[in-house]
Amino acid sequence: MAGLFISLSTQAQKLELGASLGGMLYKGDVAPVLNPRFFSPGAGLFFRYNLSRSFSIRAAGAIGAFRAEDQISKDPLQQARNYSFRTNISEVSIDLEYNFLNYVSSPKATNWTPYVFGGIGLCRFKNDVIKAGGVVTYPLGIGVKYEIKRPWSIGLEFGTRFTRHDYLDGLADLTFGTALTKTTQSNPALYDSYTYTALTVSYTFYKIFCP
């Protein structure tokens, strides 16, 4: 029984449950560069398993929205197109994290580290043009986490969700079957993407009770 308790305790110290709160930004035909003016709220939950001091696996989900409008641009073609949109999204992802510093699952350690992450996900979205859509995403980002008071940790994270599609803004779908001009068409070579910047808080399970 003692051996079982030690084994379960060791595993428990590798488990984290957390939440994130922040905002999303879109990048695509309507906003070729990230524009803080279009910042829209987002929130999520995540589960992290710390494989070692350097590597962690994280499963996460989030909901939010992003938007943009041509009239903000100084490009006369965008102003002539005069397109705007708001897309609501929900996403799930699996990421692999790499910690640059030793992040030790031990009550005696002072834990903090910058990290990078990458993975794969699925985004479900809808807007005024596309009522229900889904794309595969490829999350890539950076962050920093700090254990403020065991078992609680906080962090700051910035990540981009890349896609191989041009549908998140609805512009590509809107121009299907219409007489395309330079002012109405989207650029099929410019794939849509979006970012999620968030503050995180997590709880590490340092204790587990043996029945």
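The values are calculated or read from the model by the stated rules, or taken from the named source; none is laboratory data. Source: prediction; values computed, not measured. We place every Cβ from the backbone using ideal geometry, glycine too, and count neighbours over all the protein chains shown. We work out accessible area using only protein heavy atoms, side chains counted, and drop any ligands, DNA or RNA first. Shrake-Rupley method; radii C 1.70, N 1.55, O 1.52, S 1.80 Å.
If the requirement is being in a helix (DSSP H, G or I) and out of contact with any helix residue (DSSP H, G or I) (no Cβ under 6 Å at 6 or more places or on another chain), which of these qualifies: R58, R37, R48? After applying the criteria, what remains is R37.
One residue stands out in the range 10-34 among those that are open to solvent by less than 50 Å² (accessible area, probe 1.4 Å) and assigned to a loop (DSSP other than H, G, I, E, B): the one that is nearest to T113 (Cα to Cα), namely Q13. In this structure, does A132 turn out to be surrounded by 15 or more Cβ atoms within 10 Å (Cβ to Cβ), closer than 17 Å to A172 by Cα and not polar (S, T, N, Q)? Spelling it out, it is not the case that A132 is surrounded by 15 or more Cβ atoms within 10 Å (Cβ to Cβ), closer than 17 Å to A172 by Cα and not polar (S, T, N, Q).
Each row is one residue, and each column tells you yes or no for (1) within 24 Å of Q79 (Cβ to Cβ); (2) of a type in the set (F, W, Y); (3) modelled with pLDDT of 90 or more.
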| position | (1), (2), (3) |
| --- | --- |
| L168 | yes, no, yes |
| D173 | yes, no, no |
| K182 | yes, no, no |
| Y194 | yes, yes, yes |
| C210 | no, no, no |
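Of all residues in the range 129-145, those satisfying the criterion of being over 15 Å from D166 (Cβ atoms) and not in a strand (DSSP E or B) are K131, A132.
Residues being part of a loop (DSSP other than H, G, I, E, B) and open to solvent by 90 Å² or more (accessible area, probe 1.4 Å): count how many of those fall in the range 74-92. Of the residues in the range 74-92, 2 are part of a loop (DSSP other than H, G, I, E, B) and open to solvent by 90 Å² or more (accessible area, probe 1.4 Å).
For the range 96-116, the tally of residues that are open to solvent by less than 80 Å² (accessible area, probe 1.4 Å) and either under 21 Å from Y138 (Cα atoms) or modelled with pLDDT under 70 (or both) stands at 10.
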